[in-house]
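Heads up, the thing below is written out as structure tokens.
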Amino acid sequence: MLTAQRKQIIQNELSRAGRVVARDLAQRFDLSEDTIRRDLRQMASAGLCQRVYGGAVAPSAGGLTDRHDHLADEKQRLARAAVTLLQPGQTVMIDAGSTNTAIARALPVNMNLTVATNAPDIAQILTGRADLRLIVLGGHYHPDLGACLGPETRAATATLQADWLFLGTCGLDPTVGVTGFDAGEAEVKATMAAFSDRTAIAVTGEKLGTTAPFPILRLDRVHRLIALDQPELIPFVDSGVSVLAAD
């Protein structure tokens, strides 16, 4: 296969899924990861992708506004289903992520919730709501991820015990579990899960069956998977995950 053909396939995958993992591409093309990384560097230089650790994302995936607009209708449907899990008086942890931002917007009123988040945009959405208690998990803010990360964030998280965590994910695979593209982000996500009684993941269809380099959580620790009804859910159901299908 010519290099140009390989890059076109990679570009098509970026358009479809929004991200690629160098390790997976190397296996797919039976090439070294160094060769794939060189392809991605050249594509990034041409403005065709944005490099991240372990792979690349589509150019539109780099900004928060673009990520929020991407699959906006699907994310709103997921959010409406996700908030049905909540009961009055509960403590809810909301991880950074565009789908979780939709969940924050969909939180029902007058339930006396305590909401903790490491995402400034989610905190901004909830600021001024007198019907809930808002806790901002501070730390080093990473604008490309829209999240506060680092030891300060993990320490703040460890002072809480949430009833539910809405966890963001870069990849969700029935065998590998929940994975992320950034090591620091993966550490914070794992800490959030450790200090939550139950973990829910609302995920768009493009992420089902995909993996990223950094492990976060085994699938048996995901208490509820929220997704649109689609064939890609079958392996997760077969793995024993409780699925809430959004309408």
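Of all alpha-carbon pairs in the stretch 68-246, indicate the percentage at a distance above 20 angstrom.
Working: 7568 of 15931 pairs.
For the stretch 68-246, the fraction of Cα-Cα distances above 20 Å is 48 percent.
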* To do: Please give, to one decimal in nm, the separation of the simple spin-label points placed at Asp73 and Thr159, each 7 Å out from Cα toward the Cβ.
  => 4.3
* Asked: Along the positive direction of the dipole of the chain (beta-carbon charges: Lys, Arg +1; Asp, Glu -1; about the Cα centre), which of Ala104, Phe236, Ile226 reaches farthest?
  -> Ala104
* Asked: Taking Cα pairs under 8 Å and at least six residues apart, what relative contact order does the stretch 164-203 come out at, in percent?
  -> 58
* To do: Of the options Val57, Ser15, Gly47, report the single residue whose Cα projects farthest towards the positive end of the charge dipole of the stretch 3-59 (beta-carbon charges: Lys, Arg +1; Asp, Glu -1).
  => Gly47
* **Accessible surface of the stretch 180-247 [probe 1.4 Å, protein heavy atoms]: carbon and sulfur percent** => 50
* Cα-projected label distance for Thr175 with His142, points at 7 Å along beta-carbon direction, nm -> 2.7
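Report, in debye and to the nearest 20, how large the dipole of the stretch 68-246 comes out about its Cα centre when Lys and Arg carry +1 and Asp and Glu carry -1 on their Cβ. Intermediate results must be reported in sequence, preceding the final value.
Working: 13 positive and 19 negative charges, 97 e Å.
In total the dipole reaches around 460 debye.
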* Calculate the radius of gyration of the Cα atoms of the stretch 114-214 to one decimal place, then report Dmax, the largest Cα-Cα distance, as a whole number, both in Å. => 13.7, 42
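For the chain, what does the accessible surface come to per residue with a 1.4 Å probe? Please give it in Å². Walk me through the intermediate numbers first.
Numbers: 11180 Å² over 247 residues.
Result: 45 Å² of accessible area for each residue.
Let me have the relative contact order for the chain, percent, based on Cα pairs under 8 Å that are six or more residues apart.
Details: 487 pairs, mean separation 38.6, N = 247.
Value for the chain: 16 percent.
Hey, with R₀ at 35 Å, roughly what FRET efficiency would Asn12 and Arg129 work out to, going by the Cβ-Cβ distance, to 0.05? It would help to have the intermediate numbers written out before the result.
Details: r = 42 Å, r/R0 = 1.21.
Efficiency computed from Cβ-Cβ geometry: 0.25.
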* Asked: Two-decimal Rg/Rh of the stretch 3-59 from alpha-carbon positions, Kirkwood Rh?
  -> 0.90
* Structure fact -> Simple spin-label estimate for Arg221/Asn110, 7 Å along Cα→Cβ, in nm, reads 3.8
* So what's the net charge close to Thr199: Lys and Arg +1, Asp and Glu -1, counting the other residues with Cβ under 13 Å from its Cβ? -> +1
* Asked: So, by mean Cβ neighbours within 10 angstrom, what's the order for 85-95, 31-41, 124-134, 208-218 with the highest one leading?
  -> 208-218, 85-95, 31-41, 124-134
* Which value, in debye to the nearest 20, gives the size of the charge dipole of the stretch 3-59 about its Cα centre, when Lys and Arg are +1 and Asp and Glu are -1 at the Cβ? -> 120
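The values are calculated or read from the model by the stated rules, or taken from the named source; none is laboratory data. Owing to the predicted nature of the structure, the values given are computational and were not obtained by experimental measurement. Note: ideal-geometry Cβ built from the backbone for every residue, glycine included; neighbour counts use all protein chains shown. Areas reflect the complete protein model, heavy atoms only, side chains present, ligands, DNA and RNA absent. Shrake-Rupley method; radii C 1.70, N 1.55, O 1.52, S 1.80 Å.
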